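Report on one structure; see the data block that follows.
Any read-out appearing in this document is the output of simple, stated calculations on the displayed coordinates, not a laboratory observation. This one's a predicted model, so the numbers in the text were calculated from it and none came from an experiment. Here Cβ is always computed from backbone atoms with ideal geometry, including for glycine, and neighbour counts include all displayed protein chains.
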Amino acid sequence: MKEQNVMDLIILGGGPAGMTAAIYAARANLRAVILEESVTGGLVNSTYVVENFPSYPGINGVELMQKMRDHVDSLNVPVEEVCEIERMELEGEYKVVETDEAVYTARAVILATGRKPIPLDVPTACEQVHHCAICDGGPYKGKKVLVVGGGNSAFDESLYMLSIGIESIVLTEVMDRFFAAQATQDELLGTGRVDARTRTRVVDLVVENNELKAAVLEHCDSGARETVACDGVFVFLGQNPNNESFRDVVTLTEKGYVIVDHHMATNISGVFSAGDINDKPYRQITTAMADGTIAALAAERYVRS
């Protein structure tokens, strides 16, 4: 028999939006819980240096998220990490979320599930394909890696990997130019340890005995192919909204983002949404926190009503 928990507010997701919502909910004396499928912090955990967070000219992403988690813990908000959502009922007066360990019931829910990395589309599966250099870059010290993507994340993560001793990087982008900030491009390409290629796609991986040996690259215009030796692949192609658990009941855009009003309310009474999962023009840590603040205040008013 699973543990039964009656709450005022269920927060799905423990990134900046979810943890901010939890802090505001706790300060409003709501019984809130955070349910996180991985670990708290979200995609910020994979950011080597956050340089645009007010009060910190520069701070490691994991450190910043740990400070936020410490704040949540100080308010005694329960957090269930690495949990699997097995069932969700959002349309009734009382919402039900069942995880692999417990059942939670509450009058309000905040969706703060964020986004997840777009996977590398190749036919050969490989355990040496990653989406976070901070999480997984360490074992590749002194080795060669392939980086897929030409935006800020690809360049920032590549700089980090060089700083921890990765020997060299081949960086690929399918478009005809890179999209990272020019200063970051200059810094990375000026190291002399990066072979950067535009109009190039990864079409397959070469794996022997479960170990990655190389990647097959194809030039987008000529179709010419080349096999490049590498020990690991790091993919930074952007993110998709993490909406699997509620996409059949919550109104979404064509791209899968949640449509909300200025109170962060969705089409379902008592269901609010915050952070990168929302349909909006800008996605930053600070905008996620702003969404979480508004969603928590609106949820508190809804519960009290």
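Given the C-alpha centroids of the range 9-25 and the range 35-92, what is the distance between them in whole angstrom? Between the Cα centres of the range 9-25 and the range 35-92 lies a distance of 8 Å. Can you give me the angle between helix 61-74 and the longest principal axis of the chain, using Cα atoms only, in degrees from 0 to 90, rounded to the nearest 10? Taking the Cα atoms of the chain, the angle to 61-74 is about 20 degrees. So which of Lys67/Lys116; Lys2/Lys255; Lys95/Lys255; Lys95/Lys280 end up more than 30 Å apart, counting from Cα to Cα? Exceeds cut-off: Lys2/Lys255.
Hey, got a sec? Which GluC sites (Glu not before Pro) in the range 99-189 land in a DSSP loop and have at most 14 other Cβ atoms within 10 Å?
Glu101, Glu127, Glu167
When the Cα positions of Val207, Thr287, Thr172 are compared along the charge dipole of the chain, Thr287 comes out farthest toward the positive end, with charges on each C-beta of Lys, Arg, Asp and Glu.
What shape does the range 129-235 have by the C-alpha gyration tensor, where a ≥ b ≥ c are the square roots of the eigenvalues, rounded means a/c under 1.5, and otherwise prolate means a/b greater than b/c and oblate the rest?
Values: a/c = 1.85, a/b = 1.04, b/c = 1.79.
In terms of gyration-tensor shape, oblate.
How do Asp291, Asp100 line up, fewest other C-beta atoms within 10 Å first? The order, fewest Cβ neighbours first, is Asp100, Asp291. Extending 7 Å from the Cα toward the beta-carbon at both Asp261 and Arg177 defines two label points whose distance is 4.2 nm.
Assign one of three labels to the range 1-142, namely rounded, prolate or oblate, based on the Cα gyration tensor with a ≥ b ≥ c the square roots of its eigenvalues; rounded applies when a/c is under 1.5, prolate when it is not and a/b is larger than b/c, and oblate otherwise. Taking the square roots of the gyration eigenvalues as a ≥ b ≥ c, the range 1-142 is oblate. Counting beta carbons within 10 Å around each of Tyr104, Tyr56 and listing the fewest first gives the order Tyr56, Tyr104.
Can you tally the net charge around His131? Count Lys and Arg as +1, Asp and Glu as -1, for every other residue whose Cβ sits under 14 Å from the Cβ of His131. Intermediate values should be presented prior to the final figure.
Values: positive: Arg115, Lys116; negative: Asp121, Glu127, Asp136, Asp156, Glu157.
My count for the surroundings of His131 gives -3.
In plain terms, the residue of Ile169, Ile164 with the fewest other Cβ atoms within 10 Å comes first and the most crowded comes last, giving Ile164, Ile169. Distance between the C-alpha centres of the range 245-272 and the range 166-182: 35 Å, rounded to the whole angstrom.
Counting charges near Gly232 (Lys, Arg +1; Asp, Glu -1) among other residues having Cβ under 9 Å from its Cβ returns a value of 0. Scanning the chain for cysteines with no neighbouring cysteine C-beta under 4.7 angstrom from their C-beta gives Cys83, Cys126, Cys220, Cys230.
Near Thr47, once Lys and Arg are set to +1 and Asp and Glu to -1 for all other residues with Cβ below 11 Å from its Cβ, the sum equals -4.
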